[in-house]
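Everything on this sheet refers to the single structure shown next.
The values are calculated or read from the model by the stated rules, or taken from the named source; none is laboratory data. All figures in this text were calculated on a predicted structure; none of them were measured in a lab. So basically every Cβ, Gly included, is an ideal-geometry build from the backbone, and we count neighbours across all protein chains shown. With ligands, DNA and RNA removed, areas are computed over all heavy atoms of the protein, side chains included. Shrake-Rupley method; radii C 1.70, N 1.55, O 1.52, S 1.80 Å.
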Amino acid sequence: MNPPNLLDDQGRASMATMLMLVHHAFRRDGARFSKALDEIAHGDRSRIAPLAEEWKSFRMTLHGHHTQEDSSVFPDVRNKHPETSKTIDTLTADHHRMDALLERGDRALSELPNDEAARVMTELRDLFNSHLALEEAEIVPFLRESREFPPIPDENAEKMFADGFAWCAQGIARDVLDKVFAMVPPGVRDRLPAARDAFTQRCRRAWGTFEETASRTPVPENLA
Ligand SMILES: [Fe+2]
Ligand SMILES: [Fe+2]
């Protein structure tokens, strides 16, 4: 099945778009991890320290995304659309399976080089590819009508959201981002240029070189 568009049929962004930007970034970074681990396996030891560092952010963000879904998105959708219950049970079980893989990843990525890290990454990517596709098919349609970004309590939270948007905006088509950024509060929007520059620097440290895309779905253009 084809992945959904990030914008809706009328070209509008919504909370569905926000969720799918995060999915795009997980798929994008999963592929980058696999490539970097392959380079390490072929003898490029210079990638070990930056990759171990990047793993900490990746696993924290993935776990944080699951917590947000389990505690807020899923209960709300289940409540309003009880027919999604079985799917949500499957998705919740997937989150637990991914937690176990993240713990294996913590050990493997802190002891590079080894074969276990690439194995964990392959299992994790296989699982989250099917998981994300199910979420996009069954849950995302119910988020299309939510077009109000929730209030942000303080400056620390604004900075955290700006860093999060910098991370998940990379590789997304410009016009899609314009619609997304128009939705976010000004305190976050104003911090985006600096946050995006800082994220580009982080990518150079983590990946060396990396491919830029202009994706319009939650599947990166170069992986579709
Ligand atoms: Fe999920
Ligand atoms: Fe998700």
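Of all positions in the stretch 65-84, none carries a residue that is more than 12 Å from ligand 1 (Cβ to nearest atom) and within 30 Å of residue 40 (Cβ to Cβ).
Condition check for residue 153 on (1) without any contact (Cβ under 8 Å) to a residue 12 or more places away in the chain; (2) outside any loop (DSSP other than H, G, I, E, B): one failure, at (2).
Pairs linking a residue in the stretch 33-59 that is basic (Lys, Arg) to a residue that is open to solvent by 40 Å² or more (accessible area, probe 1.4 Å), with Cβ atoms under 8 Å and 6 or more positions apart or on different chains, are 45/113; 47/39; 59/106. Taking into account only those residues within the stretch 99-113 that are touching a helix residue (DSSP H, G or I) at 6+ places or on another chain (Cβ under 6 Å) and not small (Gly, Ala, Ser), which is farthest from ligand 2 (Cβ to nearest atom)? The qualifying residue farthest from ligand 2 (Cβ to nearest atom) is 113. Within the stretch 94-118, the set of residues being touching a residue at least 40 places away in the same chain (Cβ under 8 Å), out of contact with any His (no Cβ under 9 Å at 6 or more places or on another chain) and either within 15 Å of ligand 1 (Cβ to nearest atom) or hydrophobic (A, V, I, L, M, F, W, C) (or both) comprises 109, 112, 117, 118.
Evaluate the stretch 198-221: report whether one residue or more is surrounded by fewer than 18 Cβ atoms within 10 Å (Cβ to Cβ), within 19 Å of residue 17 (Cβ to Cβ) and within 16 Å of ligand 2 (Cβ to nearest atom). No, there is no match, as no residue in the stretch 198-221 is surrounded by fewer than 18 Cβ atoms within 10 Å (Cβ to Cβ), within 19 Å of residue 17 (Cβ to Cβ) and within 16 Å of ligand 2 (Cβ to nearest atom). Looking for something closer than 14 Å to residue 29 by Cα and within 17 Å of the chain's Cα centre (by Cα) - is there at least one such residue anywhere in the stretch 178-191? Among the residues of the stretch 178-191, not one is closer than 14 Å to residue 29 by Cα and within 17 Å of the chain's Cα centre (by Cα), which makes the answer no. Among the small types (Gly, Ala, Ser), at pLDDT 95 or above and closer than 20 Å to residue 9 by Cα, is that true of residue 137? Against the criterion (among the small types (Gly, Ala, Ser), at pLDDT 95 or above and closer than 20 Å to residue 9 by Cα), residue 137 qualifies. Every condition in (1) over 17 Å from the mean Cα position of the chain (by Cα); (2) assigned to a helix (DSSP H, G or I) is met by residue 112 except one, and the failing one is (2). Within the bounds of the stretch 119-126, is there any residue that is open to solvent by less than 40 Å² (accessible area, probe 1.4 Å), charged (D, E, K, R) and within 16 Å of ligand 1 (Cβ to nearest atom)? No, because not a single residue in the stretch 119-126 is open to solvent by less than 40 Å² (accessible area, probe 1.4 Å), charged (D, E, K, R) and within 16 Å of ligand 1 (Cβ to nearest atom).
Exactly one residue among 25, 49, 13 is open to solvent by less than 30 Å² (accessible area, probe 1.4 Å), aliphatic (A, V, I, L, M) and away from ligand 1 (no atom under 14 Å from the Cβ), and that residue is 13. Taken over the stretch 148-179, the residue count meeting the criterion of being closer than 22 Å to residue 7 by Cβ, open to solvent by less than 90 Å² (accessible area, probe 1.4 Å) and of a type in the set (D, E, K, R) is 2.
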